[in-house]
Amino acid sequence: MVCRSVAPLHAHALLLLARLAAAEEYHWVVQEDVAAPDGYPRNVIAVLDKRFLSVVSEEGDPNNERMAYHLPQQLPGPEIRAREGERVVVHIENRLPNAEISIHWHGIHMKHQAWMDGTPGVTGCAIAANGGTGSYNFTVDQEPGTHWWHSHAGPQYADGVFGAFVIEPAADSKDRVQELTPYTDDQVLFIQDWLHETYHDISARYKSRTGAFTQIIGDKTLPFLPDYPWPSSYILLNGRGQTDCKMRLWKDCEKVRDFGWAHYFNNSIIPANRPEVIDGLPSGTLGQCMPERPPLMGECNPTARPASLHCKPGGATRFRLVNSGFSVPLRIWMDHHSFTVVARDGVPIVPTGPHHAVVLSVGQRLDIVVQCDQDPAYRYKVFAMVALREFYPGSTDTNMEASSYAVMTYGGGETYEDTFEKGVAIWKPTWCSRCENTPFRDVQIVPKDFTEAGMTEGCTVGCNFRKSIYASWNIEYPQYVPFAIESKMTPLPPKSPRRRLGAGATPAGAEAGALMARPAIERLLISVGGRGNWWNNLSSAESHFGLKYEWWTMNNGPLYTNSHSPLATPSEPVMLGSLFGRSLTDLYGTSDPQRLPFVQRLRYDRASPKTYEVVFINWEGQQHPWHTHGHNLDIVGHGWLNPETGWRGSFNASSFDLAVAFGGLAPFDEAVPVVARVDTFTSAAHSYVVFRITADNPGAWMMHCHMDYHLEAGMGMLWSVEQEGGGYDLPPPPDDFRVCAREATFAAARALHLEVAEATLAAAQLAAGNDLDIRLQEAEEEILALRRDKTLYFSVLVGLLTLFIAAASARLVVAARNSVSSGARIRGSVAEAGFPRVLGSPTGSYVSVSD
């Protein structure tokens, strides 16, 4: 435990009370609805703010009542803005008839609040369907930045369950972005890929492979063949986009599979490398394709209204970009405007710009500041587009780089009444009706410039736009564009000195004052490999009846310690099962390491947090956006498994040379400059990423691919941040926590904990001594951790306030300090006397790299 000196004890108590009292409550309803975000009407899952819901009926007839929503659109969901240090409470009613729901707070680390992470199968249980309710109650205890929330129950967020979560500075603090790059306006901008089918149907098409039902293709009877929804067909910006309403039929997709996208779009000659045909069936594919159906819910509209963005003449707008898509990286550019990038994944960076375009992986956030210095008599288009060229140099699928645009106007629109920062207007996602007659400025760069750009030696992406739109990033051949851009987003050191680093000196070659990654105590090798993709070979489909469609194993390859199964949902959530004394092997019903998911133990030391270096290896031939819960990662390097060819050449795992690939890594036990501080990073095909993670947040935390159907197929792992000897240094979850029908077991576990806590408090209040080294940080964390438990919270608060207020007397100050300090000692004594730990780690016989 780190102790710190703080001014008068009673002032510290009042500060705690102020933080605890500052709570914002939200009430949401989740239900099915119909929307046409890009003009194609389809079923969506809407998250509605109850403040704008009302019941309407025909002349008061209760038999003809329905709900009406008084906001212009359902996507994205409600936006949350909270100050650093505030408490947020979100109450959710799930009106979906057949689907559970759980909300994850992407980028919110839930420090010492792991129960609120919202990850079914890991932290707790989802909110039941058909009227189930649940609450999330947590304190925002990290620096200001841009984050978002979304469903973590299957790929539901691909149907609309997502929204913004913005952390604003505390009332007495300044936003560091504003200090370095002043802005007058603030608006969130979601960009995402989109399909015209629901996640239920896409998921069934991706996973169904039992062979129970068959189809006739040519003269052969085959199982229904799974397929991944690639490439994405449509793009939305703030929940709106464009479609031409032309449906690709199954026969169109057959042409794509046989001859490729170029042939389909341009009716070009049959390619020479057409897959071999065996018994009338192709042995591979030249392009994946998603067939489409005419809309069931209404007529398709090819002239749907785009999203509306705003710029104030002479001002500057901070756009908080979020890639909330389910599958593909996106590029974004603002016509006639340049911008400065000021933050990544909620972490302020050294401002870089002006730039004309940037790319975002799925789940990633970038904050940019746009100078509103163009002619206000015009409207301007803001484009988002699938970014295959940057992430797959040499890709043959570039004809399917779908795009859409939003409209940015000067003036007009509507701002929120509440503002967090003086002089900054926060814009609502509302359309400027009076701007509709304002002409568009001629577009400088259109999506066609990207799709027609040639791939030639000397460029990592198409030369035509590379030389113009990415020139400001100074990307040299043969650099990989995402890595090159990432390396130019240098994070600013945190304001708090105790969060900077653990090394005393700046290494040679690093700038003085640069953010440094803590020295690590160990280097871990973690790898992911892919299997399956059976749909690429129709000629051998008969032999794949019942086999998995596509799956991933962790730590499987030339360096694996032990191959692990894909991440799957256990019989009970890992942390909840641990609370009930169940091991991981019990939860998964096996002790075979290869049938268990991969769990990496990290030792939690409250007094001296430990840092680990991870070399994360991607044996796969496709890129993946990885996101970790509960922590930021300090990226310190990346490279290629075949350093001689990089992204340009093929890779053979059997000839992989560890010494060649990793021989140039810096010693893991030295401080090194941080390339990027993130919670979401790109793992390129046949590459590795080196990052350091500090185990300062106890609990079980998921790290997974954010291509959501890949996660559904098990592409993920867990960090288990636990005490030496096992156990999570956490209080139990609140009394209204969802426990999967284990209420009696949960009540018994809580009762035991409350009994121990009350005995501890009573002993602490009676204790006295001469120890003046009060552990204020421990007391603060204890109170904050217990704030959701009304019974225990008020018991502790009353007891501590009694002591704190009495601190006006020097004698009572000593007594109060000794009480709290002795309380810490007595807690240890009670535990040592035979009381079980509040939490036990998932202690099965599973194997991890570092155990």
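A few points about this structure:
Per-residue answers, yes or no, for (1) in contact with a Lys or Arg (Cβ under 7 Å, 6 or more places away or on another chain); (2) at pLDDT 70 or above; (3) outside any loop (DSSP other than H, G, I, E, B):
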site	(1), (2), (3)
Ile426	no, yes, yes
Val461	yes, no, no
Arg466	no, no, yes
Pro482	no, yes, yes
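- Test for His91: is it under 30 Å from Asp172 (Cβ atoms), assigned to a loop (DSSP other than H, G, I, E, B) and open to solvent by 10 Å² or more (accessible area, probe 1.4 Å): no
- Ala387 being open to solvent by less than 30 Å² (accessible area, probe 1.4 Å), touching a Lys or Arg at 6+ places or on another chain (Cβ under 8 Å), at pLDDT below 95 and not acidic (Asp, Glu): yes
- Test for Ser208: is it polar (S, T, N, Q), touching a helix residue (DSSP H, G or I) at 6+ places or on another chain (Cβ under 9 Å) and more than 23 Å from Glu79 (Cα to Cα): no
- Take the conditions (1) open to solvent by 10 Å² or more (accessible area, probe 1.4 Å); (2) under 21 Å from Asp696 (Cα atoms); Ala126 misses just one of them, which is (2).
- Within the stretch 263-277, being outside any loop (DSSP other than H, G, I, E, B) and buried (at least 19 other Cβ atoms within 10 Å of the Cβ) holds for His263, Tyr264.
Yes or no, residue by residue, for (1) closer than 27 Å to Thr645 by Cβ; (2) assigned to a helix (DSSP H, G or I); (3) at pLDDT 75 or above; (4) of a type in the set (Ser, Thr, Tyr):
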site: Val443; (1), (2), (3), (4): no, no, yes, no
site: Glu457; (1), (2), (3), (4): yes, no, no, no
site: Ile521; (1), (2), (3), (4): no, no, yes, no
site: Leu525; (1), (2), (3), (4): yes, no, yes, no
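- The condition of being assigned to a loop (DSSP other than H, G, I, E, B), surrounded by 15 or more Cβ atoms within 10 Å (Cβ to Cβ), within 24 Å of the chain's Cα centre (by Cα) and not aromatic (Phe, Trp, Tyr) does not hold for Gly287.
- Only one entry in Gly280, Gly315 is crowded, with 17+ Cβ neighbours inside 10 Å and small (Gly, Ala, Ser), namely Gly315.
- The residue that is farthest from Val347 (Cα to Cα), among those in the stretch 604-631 that are charged (D, E, K, R) and within 23 Å of the chain's Cα centre (by Cα), is Glu620.
- If the condition is being surrounded by 21 or more Cβ atoms within 10 Å (Cβ to Cβ), of a type in the set (A, V, I, L, M, F, W, C) and closer than 30 Å to Arg320 by Cβ, then the stretch 229-259 contributes Ile235, Leu236, Leu237.
- Test for Pro570: is it in a loop (DSSP other than H, G, I, E, B), in contact with a helix residue (DSSP H, G or I) (Cβ under 8 Å, 6 or more places away or on another chain) and under 15 Å from Trp701 (Cβ atoms): no
- Residues in the stretch 574-610 that are open to solvent by 10 Å² or more (accessible area, probe 1.4 Å) and of a type in the set (S, T, N, Q): Ser583, Thr585, Thr590, Ser591, Gln594, Ser608.
- Number of positions in the stretch 630-654 that are open to solvent by 20 Å² or more (accessible area, probe 1.4 Å), under 30 Å from Gln142 (Cα atoms) and in a loop (DSSP other than H, G, I, E, B): 1
- Taking each residue of the stretch 282-295 that is at pLDDT 85 or above and looking for partners that are not in a loop (DSSP other than H, G, I, E, B) with beta-carbon atoms closer than 6 Å, six or more apart or interchain, yields Pro291/Trp250; Pro291/Cys253.
- Across the stretch 390-424, the number of residues qualifying as at pLDDT 80 or above and over 29 Å from the mean Cα position of the chain (by Cα) comes to 2.
- Candidates Gln142, Gln74 - the one that is closer than 30 Å to Thr243 by Cβ, assigned to a loop (DSSP other than H, G, I, E, B) and touching a residue at least 12 places away in the same chain (Cβ under 8 Å): Gln74
- Of all residue pairs spaced 6 or more apart or on separate chains, those with beta-carbon atoms under 8 Å, a first member in the stretch 591-603 that is of a type in the set (Gly, Ala, Ser) and a second member that is surrounded by fewer than 17 Cβ atoms within 10 Å (Cβ to Cβ) are Ser591/Ser845.
- When the criteria are applied in full, Val44 meets the requirement of being in contact with an Asp or Glu (Cβ under 6 Å, 6 or more places away or on another chain) and assigned to a strand (DSSP E or B).
- When residues of the stretch 94-117 are limited to those that are more than 19 Å from the chain's Cα centre (by Cα) and more than 20 Å from Thr569 (Cα to Cα), the one most open to solvent (accessible area, probe 1.4 Å): Arg95
The values are calculated or read from the model by the stated rules, or taken from the named source; none is laboratory data. Please read these numbers as outputs of a predicted model, since none were measured by experiment. In this analysis, Cβ positions are derived from the backbone assuming ideal geometry, glycine residues included, and neighbour counts consider all displayed protein chains. Surface accessibility is based on the protein's heavy atoms, side chains included, excluding ligands, DNA and RNA. Shrake-Rupley method; radii C 1.70, N 1.55, O 1.52, S 1.80 Å.
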